[in-house]
Structure formats: structure tokens, C-alpha cells
Amino acid sequence: MGSLNHLEELLFQINNLILQNKLFDEDELLCSFKVFGGLYLTSCAEKYNLIEPSLSFKKKISKISRAFPTLYDIEIYDQFSQIYPKIIEIRNKFGNKIGLDPLGNLYQKILTKTAKQGKGIVFTPISIIKYILHQIGFPNRYSIKDKQNIIDLSSGSGLFLAQAIDVLIEQNIEKFTVNEIIDYIQNNVIGFDIDPLAVYISKFNLSLILIERFKERYNLETSFTPNIYLTNSLAKQGEKDIAEVKKAKNQHYDFVVGNPPYIEAKRMDKLTKKICLLNYPKAARGHFDVYSCFLELGTDLLKDNGKLGYIIPSKFLSSRYSKEMRRYFLEHNLISEIVDLTHQNVFRPAVYPVILILDKTRLKEETIKLANNVDYEELQTMSFKSKCKYVSADFFYKTTNKTIFLPDSTSLSIIEKIYSDSEYRLGDLVRFRWSISFHRRGLREHFVFEKPVSTKSRKFLGGKPFGGNREVERYGINWKGYYLDYNHEKAKGMKNNFPEIDIFISKKIIICQHALRMRATLDAEGYICKDIFLLGHLTQKARDLNISLELILSLLNSELFSFMYSIMYSSTEITGKYLHYLPMYLHDLPFIIPDDQQNELLIQKVNLLLEQEQLNPVLDEEVDSLVYGLFKVDEEERKYAKKHINQYLVK
């Protein structure tokens, strides 16, 4: 049995004693952690002879509670004296294996997956914390002298701040007295959290670091009160905020760090959503996520020379709701660095993360450091220089969606060249839109059938339950025999409006919403489509320029466009490495008008491909070659794109 299991067993013993003896009126889990934390910290103090072993249990608790009053705000009764020697025994047996966050690890272990998701909780590995602190430059040799301050707006178990003061003490233990360092920490290291248990664990971890770092030097006559506060960080004027919290919320900081909670708008409680919409105009847009509001708040709290280091979902790089935040960061050139950790097992399956570093001291001409697909070992040793690229903020700012992506040198060169040569965006010429959705369980059965049931019945793609989207292949349709009763009035009565049927009857492109490579075809038969497919129709501009759907289809199904999409929108990746093909991203892809000969050849070959029962690989390759030529992609670049597709977009 590992150390964590032993500690968990003791925590449950404490919890049982509390329940059996009805010792506290507060939440029993919180009280259990407070008792456990008090006993554990006492054992650490005794380890370094800060407490005489000969003292009675009651006197030991009394002595350390004066040194850390906020950790001992409930009475630790004699009933718990039987637990204390067991904690000492486990600490002696496992030593360093227990780690720097025993309470946080216990909390994480006992939280259910549902509870974690509801609170937006994901716990940050220490290697990521160390890297973020190093990259923002905290602590540094001026931190104590200049009274630099740091805040974590969602401190969780306090590991960011604990690690920060751990390094701070290591750097300054011979330069300043213990009391000077403690005084600095008490006035300049601040944390907020909305969870009372997280607040306690943060306070515990900061106190534990002091004892573990100072050891025998620590003086228990010195009272330490960590500035970790129970508050909703996003509520700029919290009704229940004490004076110290109000002061902390109204000052600016040299450094803002953290791993903000990840809660999508659809899972957000009404109060949180209201606070976000009221206070965070850049972040709270559309189907936003609460982490984006923490990002806006953190940026607003920075001093003019301040730096921010967060780990956040990669969705920030491309999502619609983050567009205004990206616009602001790019316009002011605040982004110093982005490190891609999406292929590491950090928070899976919850989220694919990136590290984001902002720096308000950056000059307008400074480039953004981008590191793609970095692994843990490389992050710990900072040995991923070969994966780093430096890109101007202006390059990303030029895209309609302000999308940020992390290319390597070759893909960056290809995409930069194509965008600089392009006269239009795909969205100028074709409008992609959603199709039929069933918004409630059970609605499908009222409309989808295996045979026509009325004169309004239409052939339906996506009708088979859990049937996937293989009815649409590149240049082909494999209809499974389902029909949709396209009854507008019936759908409206069931509060599930259907779009106008014209968008289905008219000639259109159908594209799979989730796929590895893009899969699209042309439909002139009027198939109705479920929302696992997107529909594409020509704009008036396309008609004015004599652009055809066949030409657009040749681009969508080409290697080049799948390559570009997978580089630019890798942050849309879902389980199984499938990409999410969405209208706003497709609209932002580049377009070059072909000359008459190129146009005629592409249309001719697309029509031949559409006539084939099976995809003709020779014709398909000829289309690829023509598209590469249209966008002036040379032979070496073509080889690179093919290799990328074979590696990432083919099962």
C-alpha cells in the first residue's frame, strides 16, 4: 500500500471520529482535513525539533497553533491523539515519497470525476508549475528587495505559490533573515479560491514549505498568516469580501500565475455566468469557458511591467469565444510564449492544454515564441529549442479569426507564403452552415424512418443511430436508406425548428464535421443532412467571379487543404485525433483564383471523380498536384505535406 493510501485511511479515521463524537458543526470533510493538516504539520515541526517530543499532545498542538493560527482555527481534541503517532510512522516510512502536497493529493483522490468537472478542477503537475515560474521570472534576485507581488486567482491546493516561495527561500536564505523572508511572503504572496477546502490546503502547503525549508531555523514564536482568501475572484466587488480581500482585488501585480478552472458555459451555474457577462466583455462571449474570464482578469490586474503565466485549454488558440481576447493580445503584442502540451497526458481526457506566457514589457516588433508538441522531459530540462519557432504577432492578426497555431519551420513557410499570395478567403466565396439538429432526446424517433411516411419524406444522411458519418466520403455518398419527415409545423410544435428546405434542395457541398482528412462531396439530389455534416453554398461574389462548387470541392478534398487545416486548427482535435471542421475555420482558409486552364482541368477531374463508384487514386492525385500548383507549393513542400498527412491524418 502506498503512502497516499495510508494517509487516506487516516483521514477516514479522523472523519469517523468527528461523526461519532459530533465534534464540529462545520462540514465534516473540511474539518477532517483541518484536523489531519494540523496533525501533519505538528509532526513536521517535531521532526525538526521545533517542538519537544516530550511535550504532551495537547501542548504540542497549543505551541504550533500559535505559530500558524489560521491552520488551527478548530480545536484538535484529545480524541485525535491516537492518530498522531500513526502520521509520524507514515512520514518516517515513506519520507520524500509523500511529496509536497499531501493534502492536495488526498483531495484529488477522493473527489469524484463529476465533482471535479462541476468545479472545473484539474491539478497541475509540478514540472509545469516550475516552468511557468521560471519563464515569468519569479522569484528573482530583486523580488524581496523590490517587494514584487504575485497572485494566483484560483489557487487550488496552492502549489504555484508554494513552489514560488520554495524557490524564493532557496535563493534568499543566506541573504535575508527568516523573519524578513516571512514578512515578505505575508505581504506579497496572495491567493484566492472559491472552495473553503482549497483555501485551507493552500494555507497548509505554504506553511509546510516554511517548515521544510527553514527546518531548525524556523521560530515558532513567529506567527505566520498566509494571504490565501476565500472569495470568488471573478466578482470584482464581492458582497462578503473582507477588507483584506477588497484591498487585494483593487491592486495590481508584478506576476499573475495559475491554472484557472475550466467550466463551459453550458455547465456553468447562473450566478457565475451572470458575473462573467457583467465583468468580462472580451472573454464572456458566445459559448465561453470560465478560464477565459480568469485570463481577462489576470491581464487587467498586471502592472505595466507585469507578467502572467497560465496553463489553459488549447481551445483558446482558435475558439470563437476567445477571438476578442486573441485580438487584444495580438494587437498589443502581449504574448511572449506558447508551449503546446496537447499530446502529453496532463489532464486527459478533460482537456488538451497549452502554457501561455504574457509580458507587458514586450516591444511591438518582438516575436512570439511557439513550441510545438513538447513532452514532460523536455519541459523539465528546458531542452526543446529545436521545437521553438518565433513568429510575428502580425501574421496571426491577419487571419479573420485571429487564430494562433504552432507550426514548425516548413509548415510556417508554406502557410505564410500561401496567405500572402491569396486574394480571398474561402468564406468570401462559399458559406458553410449547420444542418438538421435534434435538440432533445427522443425527438429523432418522431422524424427519422427507414421508409417514406409522407409526401414530405426526404432522403436523409446521418439517420442511422450512432452510425457515424461515413455516408459522406471524398467525392461520394453512401446513403444508408433513412428518410426524414421534413414537416416544418410538426418540428416547430416540438420546439425543434428545421431550416428552410431550400438549403438542402439547392446544389451544395456536404462536408463531414469530424474527420481526419477533410471529407467532402457534391450533392445535386437534395439530400437532407444531420448536423454531423456541414453544407456549403456559393456566395454572390463567387457567382460574380464565375467560381464553381466543383472548384471549391477540389480544394477541400486536396492534401494541401487538409494539411493547412490540421496545422492551423490542431486545437480542434478531439478523441482519436479527429479534427473538428467548423464553418468559421473553413471560411478563413485562403483562396487563389485559378487561370482558365487550371479551372477547367480541376472541374473536369472533379466531375470524373464524382462519377466513380470508388475513389480513383490516380485522378485524386492529379487533383492534388493541380491544387499544389495553383498555390505554388514546390516539390519539397509537397513531400512534407504528404508526410504530415500520412503521419497524422490517416489511420
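The values are calculated or read from the model by the stated rules, or taken from the named source; none is laboratory data. On a predicted model such as this, the values are computed, not experimentally measured, just so you know. When we count neighbours, we look across all protein chains shown, and the Cβ atoms used for this are built from the backbone with ideal geometry, even at glycine. We work out accessible area using only protein heavy atoms, side chains counted, and drop any ligands, DNA or RNA first. Shrake-Rupley method; radii C 1.70, N 1.55, O 1.52, S 1.80 Å.
Tabulated values for the structure
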item	result
Residue match in segment 522-532 (condition: open to solvent by less than 10 Å² (accessible area, probe 1.4 Å) and closer than 13 Å to Val430 by Cβ)	no
Segment 576-618: number of residues that are of a type outside the set (Lys, Arg), assigned to a helix (DSSP H, G or I) and over 24 Å from Val430 (Cα atoms)	3
Among the candidates Asp269, Asp254, residue that is farther than 25 Å from Ile404 by Cβ and at pLDDT below 95	Asp269
Matching residues, segment 283-304, being open to solvent by 30 Å² or more (accessible area, probe 1.4 Å), farther than 30 Å from Asp146 by Cα and either at pLDDT 95 or above or under 16 Å from the mean Cα position of the chain (by Cα) (or both)	His287
Residue in segment 220-233 that is in a helix (DSSP H, G or I), farther than 25 Å from Asp359 by Cα and touching a helix residue (DSSP H, G or I) at 6+ places or on another chain (Cβ under 7 Å) present	no
In segment 9-47, the residues that are basic (Lys, Arg) and either open to solvent by less than 40 Å² (accessible area, probe 1.4 Å) or under 20 Å from Ile110 (Cβ atoms) (or both)	Lys34
Some residue of segment 264-271 being open to solvent by 30 Å² or more (accessible area, probe 1.4 Å), touching a residue at least 12 places away in the same chain (Cβ under 8 Å) and in a strand (DSSP E or B)	yes
Which listed residue is over 21 Å from Glu46 (Cα atoms), open to solvent by 10 Å² or more (accessible area, probe 1.4 Å) and of a type in the set (Asp, Glu), from Asp152, Asp166, Asp195	Asp195
Set Lys632, Lys643, Lys605, Lys639: member being over 27 Å from the mean Cα position of the chain (by Cα), modelled with pLDDT of 95 or more and within 21 Å of Gly536 (Cα to Cα)	Lys605
So Leu50, is it in a loop (DSSP other than H, G, I, E, B), open to solvent by less than 30 Å² (accessible area, probe 1.4 Å) and either in contact (Cβ under 8 Å) with a residue 60 or more places away in the chain or under 24 Å from Gly99 (Cα atoms) (or both)	yes
Failed item in (1) aliphatic (A, V, I, L, M); (2) under 28 Å from Glu559 (Cβ atoms); (3) touching a Phe, Trp or Tyr at 6+ places or on another chain (Cβ under 7 Å), with Val448 passing the rest	(2)
Spans of strands (runs of 3 or more DSSP E) in segment 305-413 with at least 3 residues over 14 Å from Leu295 (Cβ atoms) and in contact (Cβ under 8 Å) with a residue 40 or more places away in the chain	335-340
Boolean, Glu500 is of a type in the set (Asp, Glu) and either closer than 26 Å to Ile592 by Cα or surrounded by 16 or more Cβ atoms within 10 Å (Cβ to Cβ) (or both)	no
Segment 109-134, subset within 19 Å of the chain's Cα centre (by Cα) and polar (S, T, N, Q), residue modelled with the highest pLDDT	Ser127
Some residue of segment 118-133 being farther than 29 Å from Val256 by Cα, touching a residue at least 60 places away in the same chain (Cβ under 8 Å) and surrounded by fewer than 22 Cβ atoms within 10 Å (Cβ to Cβ)	no
Pro69, sole failed condition from (1) in contact (Cβ under 8 Å) with a residue 40 or more places away in the chain; (2) surrounded by 13 or more Cβ atoms within 10 Å (Cβ to Cβ)	(2)
Any hit, segment 448-463, residues being β-branched (Val, Ile, Thr), closer than 23 Å to Gly536 by Cα, touching a residue at least 12 places away in the same chain (Cβ under 8 Å) and open to solvent by 20 Å² or more (accessible area, probe 1.4 Å)	no
Any hit, segment 609-623, residues being under 22 Å from Gln647 (Cα atoms), open to solvent by 10 Å² or more (accessible area, probe 1.4 Å), of a type in the set (Asp, Glu) and under 22 Å from the mean Cα position of the chain (by Cα)	no
Residue check for Thr400: among the β-branched types (Val, Ile, Thr) and loosely packed, with under 15 Cβ neighbours inside 10 Å	yes
Residue tally, condition open to solvent by less than 10 Å² (accessible area, probe 1.4 Å) and more than 20 Å from the chain's Cα centre (by Cα), over segment 566-601	5
Those residues of segment 245-261 which are in contact with a strand residue (DSSP E or B) (Cβ under 6 Å, 6 or more places away or on another chain) and assigned to a loop (DSSP other than H, G, I, E, B), in sequence order	His252, Asn259
Residue match in segment 486-496 (condition: of a type in the set (A, V, I, L, M) and within 29 Å of Met518 (Cα to Cα))	no
Unique residue being more than 23 Å from Trp434 (Cα to Cα) and free of Cβ contacts under 8 Å to residues at least 12 places away in the same chain when the list is Lys639, Lys651	Lys639
Conditions (1) at pLDDT below 85; (2) out of contact with any Lys or Arg (no Cβ under 9 Å at 6 or more places or on another chain): number failed by Gly104	(1)
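Every residue, every condition in (1) open to solvent by less than 20 Å² (accessible area, probe 1.4 Å); (2) over 18 Å from Leu159 (Cα atoms); (3) without any contact (Cβ under 8 Å) to a residue 24 or more places away in the chain; (4) not aliphatic (A, V, I, L, M), yes or no:
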{"position": "Ser207", "(1), (2), (3), (4)": "yes, no, no, yes"}
{"position": "Glu212", "(1), (2), (3), (4)": "no, no, no, yes"}
{"position": "Arg217", "(1), (2), (3), (4)": "no, yes, no, yes"}
{"position": "Ala235", "(1), (2), (3), (4)": "yes, yes, no, no"}
{"position": "Lys247", "(1), (2), (3), (4)": "no, yes, yes, yes"}
{"position": "Asn250", "(1), (2), (3), (4)": "no, yes, yes, yes"}
{"position": "Phe255", "(1), (2), (3), (4)": "yes, no, no, yes"}
{"position": "Gly258", "(1), (2), (3), (4)": "yes, no, no, yes"}
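One line per residue, one yes/no per condition, for (1) closer than 14 Å to Asp523 by Cβ; (2) in contact with a strand residue (DSSP E or B) (Cβ under 7 Å, 6 or more places away or on another chain); (3) in a helix (DSSP H, G or I); (4) modelled with pLDDT of 90 or more:
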position: Arg458; (1), (2), (3), (4): yes, yes, no, yes
position: Pro465; (1), (2), (3), (4): no, no, no, no
position: Lys480; (1), (2), (3), (4): no, no, no, yes
position: Tyr483; (1), (2), (3), (4): no, yes, no, yes
position: Lys490; (1), (2), (3), (4): no, no, yes, yes
position: Lys495; (1), (2), (3), (4): no, no, no, no
position: Glu500; (1), (2), (3), (4): no, no, no, yes
position: Ile503; (1), (2), (3), (4): yes, yes, yes, yes
position: Ile509; (1), (2), (3), (4): yes, yes, no, yes
